[in-house]
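The values are calculated or read from the model by the stated rules, or taken from the named source; none is laboratory data. Keep in mind it's a predicted model, so treat the numbers as computed, not measured. So basically every Cβ, Gly included, is an ideal-geometry build from the backbone, and we count neighbours across all protein chains shown.
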């Protein structure tokens, strides 16, 4: 963990969250899948936790992101 933070300035958890959120953003733009299904596809079994992480990374909810992207 210290190596990742030293090189990039973010923790391993933050890095993994960003990768998952980036994949979720693509799914939100491309498909009409429910948010709960997208959460599962990117590795979050709980939609509410996925929304919390997404909001922390993107500063908006997955629904708001989808509406802006369309």
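Annotations for the structure displayed:
- Only one of the numbered conditions (1) surrounded by fewer than 12 Cβ atoms within 10 Å (Cβ to Cβ); (2) assigned to a helix (DSSP H, G or I); (3) modelled with pLDDT under 95 is not met by residue 32, and that is (2).
- Close pairs (6 angstrom Cβ cut-off, 6 or more residues apart or separate chains): without any contact (Cβ under 8 Å) to a residue 60 or more places away in the chain in region 42-70, surrounded by 15 or more Cβ atoms within 10 Å (Cβ to Cβ) and not in a helix (DSSP H, G or I) anywhere: 50/44
- Selection count, region 35-60, where residues are in a loop (DSSP other than H, G, I, E, B) and closer than 22 Å to residue 10 by Cβ: 5
- Checked against (1) within 17 Å of residue 67 (Cβ to Cβ); (2) modelled with pLDDT under 95; (3) within 10 Å of the chain's Cα centre (by Cα), residue 16 meets all criteria but (1).
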